[in-house]
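Chemist: Sharing a structure below in structure tokens format, with a few things to ask.
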Amino acid sequence: MMAAEQAQVRGELRSNEAMSKHTSWRIGGPAQSFFVPASIDDLSLFLRELDPSVPVFWFGVGSNLLVRDGGIRGVVISAARILQDLERIDQYTVRAGSGLPCTQLARQCIRWGLGPSEFFAGIPGTIGGALAMNAGAHGGETWERVASVRTIDRAGEIHERAPSEYSIAYRSVTGPSDEWFISATLRFEPDVTPSMDAMKSMLERRKATQPLGLPSCGSVFRNPPGDFAARLIESAGLKGYSIGGAEVSEKHANFIINKDNASATDVEELIEHVRQTVIEVHGIELMHEVRIVGEEVQ
């Protein structure tokens, strides 16, 4: 299938890898090929040698992802393991690998006295995922802190890019095509002192209000202007509504949980039912925050 199979790559290259093992929903059909690089150089070599006709899907930790039951064609690249570095550049600046968990970034920046950084603890997943969707929590957004990013392209070349090269909006980032984030330089503010207590309070509030012990993807829908998706879904009477093994959480209406061996089809149908019901009840069309990828079962 790929020229890269003959290349001298050192990472793991697997066939028909079940994506259900890698997503926070514990759902997803097989990846045709699944590559875990051993280093950035290994990743560059793999991309250089890859047949240009083979589709590439860049995978983080699967915290905001629904993979359809038919799986993903081409190759899934899972590079988070090699991109977890964090270094302090100067008094107010750090460089974080895209595989670094956002909570880990928050904790270390607080130890360094860099703020505002607590909000990163409220973002599930990694820096790469946060960059890809301008993730935010508790009033902060990822790209408010970005000074520059490093990316890798389909040919294995590495680029340094400025925020001005991207179109940034609420939960939306558009930039150069066929490039993936490998790190970000983040700049904090000299007059803001972060608080470990504030971060712990955020995490406790999240634990109390979200079904964190059950398989989910976090928030399914974006908040519409001036309102909250969870409020709209709950007031439409949808808490506890289920299709197959998928259910709208009783604890937080903007979460869909895998309650009983749900399929991706169950979840996708439930997402659409929620969307249509909110339109009918409130006249508001909710937009997905979750990313839906892959093939339908044939």
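The values are calculated or read from the model by the stated rules, or taken from the named source; none is laboratory data. The structure presented is a predicted model; accordingly, all values stated were derived computationally and were not measured. Neighbour counts run over all protein chains shown; Cβ positions are idealised from the backbone, glycine included.
Chemist: Could you check, for the stretch 197-210, whether at least one of its residues is part of a loop (DSSP other than H, G, I, E, B) and of a type in the set (Lys, Arg)?
Modeler: No, the stretch 197-210 has no match at all.
Chemist: Take SER53 and tell me if it is polar (S, T, N, Q), on the phi < 0 side of the Ramachandran plot and over 23 Å from the mean Cα position of the chain (by Cα). Reasoning before the result, please.
Modeler: Numbers: polar (S, T, N, Q): yes; on the phi < 0 side of the Ramachandran plot: yes; over 23 Å from the mean Cα position of the chain (by Cα): yes.
Yes; evaluated as a whole, the condition is true for this residue.
Chemist: Collect the residues in the stretch 218-238 that are part of a loop (DSSP other than H, G, I, E, B) and either aliphatic (A, V, I, L, M) or surrounded by fewer than 18 Cβ atoms within 10 Å (Cβ to Cβ) (or both), keeping them in residue-number order.
Modeler: VAL220, ARG222, PRO224, PRO225, GLY226, ASP227, PHE228, ALA236, GLY237, LEU238
Chemist: If you don't mind, another one. (1) part of a loop (DSSP other than H, G, I, E, B); (2) at pLDDT 95 or above: which one isn't true of PRO194, the others all being true?
Modeler: With respect to (1) part of a loop (DSSP other than H, G, I, E, B); (2) at pLDDT 95 or above, PRO194 is out only on (2).
One line per residue, one yes/no per condition, for (1) farther than 29 Å from VAL56 by Cβ; (2) surrounded by 14 or more Cβ atoms within 10 Å (Cβ to Cβ):
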{"residue": "GLY125", "(1), (2)": "no, yes"}
{"residue": "VAL146", "(1), (2)": "no, yes"}
{"residue": "ALA155", "(1), (2)": "no, no"}
{"residue": "MET196", "(1), (2)": "yes, no"}
{"residue": "LYS207", "(1), (2)": "yes, no"}
{"residue": "SER216", "(1), (2)": "no, yes"}
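Chemist: Of the residues that make up the stretch 15-25, is at least one touching a helix residue (DSSP H, G or I) at 6+ places or on another chain (Cβ under 7 Å), of a type in the set (A, V, I, L, M) and either within 30 Å of SER219 (Cβ to Cβ) or at pLDDT 95 or above (or both)?
Modeler: no
Chemist: Determine if the stretch 103-121 includes at least one residue that is within 18 Å of the chain's Cα centre (by Cα), assigned to a strand (DSSP E or B) and among the hydrophobic types (A, V, I, L, M, F, W, C). Break it down into steps so the answer makes sense when it comes.
Modeler: From the stretch 103-121, those within 18 Å of the chain's Cα centre (by Cα) are 103-106, 119-121; that's our starting set.
Filter again for assigned to a strand (DSSP E or B), leaving none.
For the stretch 103-121, residues within 18 Å of the chain's Cα centre (by Cα), assigned to a strand (DSSP E or B) and among the hydrophobic types (A, V, I, L, M, F, W, C): absent.
Chemist: How many residues are β-branched (Val, Ile, Thr) and in contact with a Leu (Cβ under 7 Å, 6 or more places away or on another chain) when one looks only at the stretch 97-125? It would help to see each step written out before you state the result.
Modeler: Pass one, the stretch 97-125, residues β-branched (Val, Ile, Thr): 103, 110, 123.
In the following step, the residues that additionally are in contact with a Leu (Cβ under 7 Å, 6 or more places away or on another chain) were identified as none.
Of the residues in the stretch 97-125, 0 are β-branched (Val, Ile, Thr) and in contact with a Leu (Cβ under 7 Å, 6 or more places away or on another chain).
Chemist: Please specify each residue of the stretch 164-177 satisfying the condition of being assigned to a loop (DSSP other than H, G, I, E, B) and in contact (Cβ under 8 Å) with a residue 40 or more places away in the chain.
Modeler: Listed by number, the residues that qualify are TYR170, ARG171.
Chemist: While we're on this one: Please work out which residue is farthest from the chain's Cα centre (by Cα), limiting yourself to the stretch 278-295 and to residues that are hydrophobic (A, V, I, L, M, F, W, C) and outside any strand (DSSP E or B).
Modeler: First pass over the stretch 278-295, keeping only residues hydrophobic (A, V, I, L, M, F, W, C): 278-279, 281, 284, 286-287, 290, 292-293.
Subset that is outside any strand (DSSP E or B): 278-279, 281, 284, 286-287, 290.
Details: VAL278: 25, ILE279: 26, VAL281: 30, ILE284: 25, LEU286: 19, MET287: 16, VAL290: 8 Å.
Restricting to residues being hydrophobic (A, V, I, L, M, F, W, C) and outside any strand (DSSP E or B), the top hit is VAL281.
Chemist: Out of ARG73, ARG26, I need the residue that is within 22 Å of ASP266 (Cα to Cα), in contact with a Ser or Thr (Cβ under 6 Å, 6 or more places away or on another chain) and either in contact (Cβ under 8 Å) with a residue 24 or more places away in the chain or part of a loop (DSSP other than H, G, I, E, B) (or both). Which one?
Modeler: Every option except ARG26 fails the conditions.
Chemist: Being of a type in the set (Gly, Ala, Ser) and modelled with pLDDT under 95 is the filter; apply it to the stretch 70-85 and report the residue that is surrounded by the fewest Cβ atoms within 10 Å (Cβ to Cβ).
Modeler: ALA80
Chemist: Here's something else I'd like to know. Go through (1) surrounded by 21 or more Cβ atoms within 10 Å (Cβ to Cβ); (2) more than 17 Å from GLU118 (Cα to Cα); (3) not charged (D, E, K, R) for SER172 and report which single condition fails.
Modeler: The failed condition is (1).
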